[in-house]
Amino acid sequence: MQWALSLPMVCLAFVSAAAQGAVPEGACAQGGQCSEEKDETLLLQLPASHSEEKDSPVFADGRLSGLKTFSLNSTSDGVLRVTFNQTPTNLINTLFVEEMNKLCGELEQEPSTKVVIFQSANEAIWLGHYDANHFTVQLAATGLPRKENPLVDMTALGVRLTKLPQVTMAKIAGACRAGGQELALAMDMRYAAKGKAVFKQPEVAMGINPGAGGVTRLVRVVGLAKALEIILTADDYSAEQAEAIGTVNKALDADEIDAYVEKLAGRIAQWPAASINAAKQATYESGDTTVMNSLKNEEFWMWKAITQGPAVHRMEYLAKHVQTSAEGESDWEKVLKHAQTLNAPFWEKQSEE
């Protein structure tokens, strides 16, 4: 017996079922991010209108104006550049955390931004440690409630950064110590300039332990024994050493890092926002659960991407024009380039390739 329905027809049948109330209650039927509890069944999420591509740069309309701890540079290529510039030492303080949360709030609702690069205007310091003034409160004497401890906000910011639908990249060409490294570890990818980037977790020498994910993420990235060495010695380590142990993806010459990161960001920003987010969330979730649950998560995010973006039309192109011959399969860079011209979601008619 052969299946008579094409993939678009299967998806359209699912749309019809949704209209008739046959979709499970756990599925989201509205545009924007799905905030309901994840359901193991297929997820349908139809936006009001297709907005994958925009001609004008995001954040060009005055949103997030008046920032004091960093500046924004957004272009129509889907890449946003965030430049830390809180003089003199790029300290992390309550204002920085507040402004970063405002940025995250915008990014969570910004489908045209695909990649965010975090860099620094300070040549000596990429991002500093947490403001020591927040540690001078006599916690033991006053019994400060946990919810009033600003360090909790720093931890929450790291989690929020990790969950953003965009790919986040840290371009590090200066000191990245304590809180700076903790936030860098909360980003998806990290690149370091040789001779400029330097890393350290100095907290134990100062009488505390690393927080804001400094322990949790470091262990997951480098392993328990190496994490203990980094934390307990409180030693500096270089960009080359960071690459060797995995805390950065790659160490590059200082005159090469800008072009490398921009090229990488531009390549990723070509892809659909839905599939970028789905791949990112599924990858993170795979590290925090069992193998079986991870497999279920992969399927969930795959179907979410299909019901949000242009995947169906790109698969049709693959089936009709690529996989039918060895020649078609011989140049995947050409395949990927052409696929990016097929941007309509499955419920909108796509012109014939």
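The values are calculated or read from the model by the stated rules, or taken from the named source; none is laboratory data. Keep in mind that what you see is a predicted model, and the values were worked out from it rather than measured. Every residue, glycine as well, gets a Cβ built from its backbone with ideal geometry; the counts of neighbours run over all protein chains shown. The area values use the complete protein model at the heavy-atom level, side chains included, leaving out ligands, DNA and RNA. Shrake-Rupley method; radii C 1.70, N 1.55, O 1.52, S 1.80 Å.
Data overview
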| item | result |
| --- | --- |
| Residue list for region 301-319, filter: without any contact (Cβ under 8 Å) to a residue 40 or more places away in the chain and surrounded by fewer than 20 Cβ atoms within 10 Å (Cβ to Cβ) | 302, 317, 318, 319 |
| Selection status of residue 141, hydrophobic (A, V, I, L, M, F, W, C), touching a Lys or Arg at 6+ places or on another chain (Cβ under 9 Å) and modelled with pLDDT under 95 | no |
| Enumeration of residues in region 201-238 that are assigned to a helix (DSSP H, G or I) and under 22 Å from the mean Cα position of the chain (by Cα) | 216, 217, 218, 219, 220, 221, 222 |
| Which listed residue is at pLDDT 90 or above and loosely packed, with under 14 Cβ neighbours inside 10 Å, from 90, 73, 133 | 73 |
| Hey, residue 276 closer than 30 Å to residue 344 by Cβ, part of a helix (DSSP H, G or I) and of a type in the set (Val, Ile, Thr) or not | yes |
| Qualifying positions in region 279-300 - open to solvent by 30 Å² or more (accessible area, probe 1.4 Å) and part of a helix (DSSP H, G or I) | 279, 283, 284, 285, 286, 291, 292, 293, 295, 296, 298, 299 |
| Criterion: at pLDDT 95 or above, under 18 Å from residue 70 (Cα atoms), out of contact with any Lys or Arg (no Cβ under 7 Å at 6 or more places or on another chain) and of a type in the set (Gly, Ala, Ser) - qualifying residue of 121, 193 | 121 |
| Boolean, residue 316 is of a type in the set (D, E, K, R) and outside any loop (DSSP other than H, G, I, E, B) | yes |
| Some residue of region 319-336 being under 30 Å from residue 73 (Cβ atoms), at pLDDT 80 or above and more than 18 Å from the chain's Cα centre (by Cα) | yes |
| Members of region 197-251 that are surrounded by fewer than 15 Cβ atoms within 10 Å (Cβ to Cβ), among the acidic types (Asp, Glu) and touching a residue at least 12 places away in the same chain (Cβ under 8 Å) | 235, 236, 240 |
